[in-house]
Structure formats: structure tokens, C-alpha cells
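This report refers to the structure that appears directly beneath it.
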Amino acid sequence: ILGNIGQPGPEQLQQAKNILSSIARFLLDAAHEPTSARALVYLMLLDRKEGIRQKQIQALTTSGESGVLPELTRLLSKTTVVDPEFRLTLLSLASPQLRQLSKPQFDRFSRNLHTLSEFDGRIQPFEWAIVKIIDNSLGKIFSGSSPSVHGRRELSECRDALEVVLSVLAYADFKSKLNPDIAFAAGTRELEGLQLNLQSKEALSIGLLNTSLERLGALKPLSKPAVLKACLACIRSDETLAPVELELLRAIGAALDCPIPPLSTDIDV
């Protein structure tokens, strides 16, 4: 999988067609225009609880971009939830439209994403992943920064950071019946020679995850694929790939300047 980045084969392309045929037409249409594409991403971050959702929408009435709120209202008239299975596909479809924004437009869009994801005082893993993907993949385009290719750190210097990232992934799929210790161990085995320990849920936080990824971003370029291989082994250990695990994996890859290829429900079209 990691050896075929950006080169989807016939199986992946057929899978893409199958997924696209399952997504509602109004969502696909929204992903293909800059204004509605922003509204679509906002929709992904709206809370399922109506009270919180209404407060988020109210916040967008003052900070939202021109024309975006009416598009969000139109989408909400059809659905209040984007199926987790479709989030990454729609995000991939929306990305080319989001690249057409001006820098001030993107900056405002990015600020609103952070506001929506943090609105209830806690950030869900999928919320963090969506914001991280956009910040890392599109944010670097608008800032003009280039991928980090001069990292000097060895894997052995980043044990704490690796423990945090793999621990987050081990706990990510709350529906999985597999013990997190087993998932964590599967990831650790891909990092031969490193002794790592699963962190407790209570010890983990979004801030710690961000700090850990910043540290891993300074790894030597040839070490980064090993990290992604460990992450993939961790989430595949129960022989399933949950949407939130794919979103986290894509976000981690973006943070390491190593784009992740199509996986299961994560299809680039």
C-alpha cells in the first residue's frame, strides 16, 4: 500500500466508483464548487446535538464567508450528518475547489474550522483529523512552505512521540473488540528494536498528539515511511479499517509530508 502512493490500480478505481455511486448527488455536487465545498466541510464538523449545532451555526453568521452560510443552510435542509464512510472521499473531491480560494479566504476558512471543532470544549479524533488534513495539505500551499526534507532525527530519538501516535490509533476504533495492547504491539513490531509502551487513554490529548507529530516531522526522510507502516499495522490488526482510523492515518501522513494512498473508504478521485 505505502509503495503505491499516488498510483491507484484497477481495484482502487473500481472501489472509488462504488463509493461515489453510494454518495448522495447533492453532496457530490457541493464538493465541486469553492463556496459549497467550504459549506460541506463545515457540515462535517457540525455537532449531532441540535443545541450545540445551532450555536455553531450562529457563530458562522458572524465569521462565515460570503455565500457559504446559505449553502450550509441548503445542505442542512437535506441532511445534518455526513456518513463517516464518505467524509474522506468528499474531502478529497473538495480539495481542488478549496485550492481556488484566495489566501484571506482560506485563512478565514481555516479559523472557522478550528472554531467549529473546538466548540463543545473537546475535540473528537475525526474532527482533529479533518482540520489537520486541511491545515497540512492546503495550509502549506497558501503559506508557500515546502515539505520538510531535511529532518535529522532518528526513530530512537522519538520514542515518546511514537508511543503517543500509536496509542491514539490503538484506541481510535471504539467499536473494535480487539484489545488495544494487541493493536499497539502490532504497530510496534514494525519498528524493530524499539521498546515502546502503550499510553493510557487518560494520558493522551490532542495537544500531545500535535506535539508528537511535530517531533516526528523532523525525522530523517527515510524514517517516515517506517512510522506510517507501523501506524497502518496498528489499525489493521483487527482486520478492519474504521473511518476514523483512516482519517487519523491520512492526517498523520499529511503531518509527516507523506501523503497516504487510497485505502478502503479513503478514495482519491
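The values are calculated or read from the model by the stated rules, or taken from the named source; none is laboratory data. Owing to the predicted nature of the structure, the values given are computational and were not obtained by experimental measurement. When we count neighbours, we look across all protein chains shown, and the Cβ atoms used for this are built from the backbone with ideal geometry, even at glycine. With ligands, DNA and RNA removed, areas are computed over all heavy atoms of the protein, side chains included. Shrake-Rupley method; radii C 1.70, N 1.55, O 1.52, S 1.80 Å.
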I want to verify a result. In a Gaussian network model of the chain, Cα cutoff 10 Å, which of these has the top mean-square fluctuation: K177, K220, K140? K177
Name all residues of region 149-187 having a backbone nitrogen under 18 Å from the label point set 7 Å from the Cα of K201 along its Cα→Cβ direction, giving them as ranges. 164-185
Averaging over every viewing direction, what projected area does the convex hull of the Cα atoms of region 153-213 cover, in nm²? 4.2 nm²
Amide H of G64 versus every other amide H placed in the peptide plane: which residues, excluding those fewer than 5 positions away on the same chain, fall under 5 Å? none
Against the longest alpha carbon principal axis of the chain, how many degrees, from 0 to 90 and to the nearest 10, is the axis of helix 243-255 turned? 80 degrees
Given H placed 1.01 Å from N in the peptide plane, which residues other than close sequence neighbours of R153 have an amide H under 5 Å from its amide H? L219, K220
Sort region 35-119 into rounded, prolate or oblate with this rule: let a ≥ b ≥ c be the square roots of the eigenvalues of the Cα gyration tensor; rounded if a/c is under 1.5, and if a/c is not under 1.5, prolate when a/b is larger than b/c, oblate otherwise. oblate
Give the angle, between 0 and 90 degrees and rounded to the nearest 10, that separates the Cα long axis of helix 224-236 from the longest principal axis of the Cα atoms of the chain. 80 degrees
Set K103/K220; K49/K224; K177/K201; K132/K229; K103/K224; K17/K132 screened for pairs whose C-alpha atoms are more than 28 Å apart: K103/K220; K49/K224; K103/K224
Over region 29-77 - Rg/Rh using Cα atoms and the Kirkwood inverse-distance radius: 0.94
Quick one, can you get me the convex hull of the C-alpha atoms of region 74-213 expressed as volume per residue in Å³? 154 Å³
Along Cα→Cβ, 7 Å out, is where each label goes; now give me the distance between the ones at T115 and D181 in nm to one decimal. 4.6 nm
Mind listing the phi-derived Karplus ³J(HN,Hα) values for region 47-54, rounded to whole Hz, using 6.51, -1.76 and 1.60 with θ = phi - 60°, and x for any glycine or proline? 5, 6, 7, 4, x, 5, 4, 5
How much area per residue is accessible in region 25-83 when the probe is 1.4 Å and only protein heavy atoms are counted (Å²)? 47 Å²
Fraction of alpha-carbon pairs in the chain farther than 23 Å apart, rounded to whole percent, equals 53 percent
Whole-number D in µm²/s for region 180-269 (Stokes-Einstein; Kirkwood sum over Cα pairs; 10 °C, 1.306 mPa s): 115 µm²/s
Identify the GluC sites (Glu not before Pro) of region 160-195 meeting these criteria: DSSP loop state and at most 12 other C-beta atoms within 10 Å of the C-beta. E192
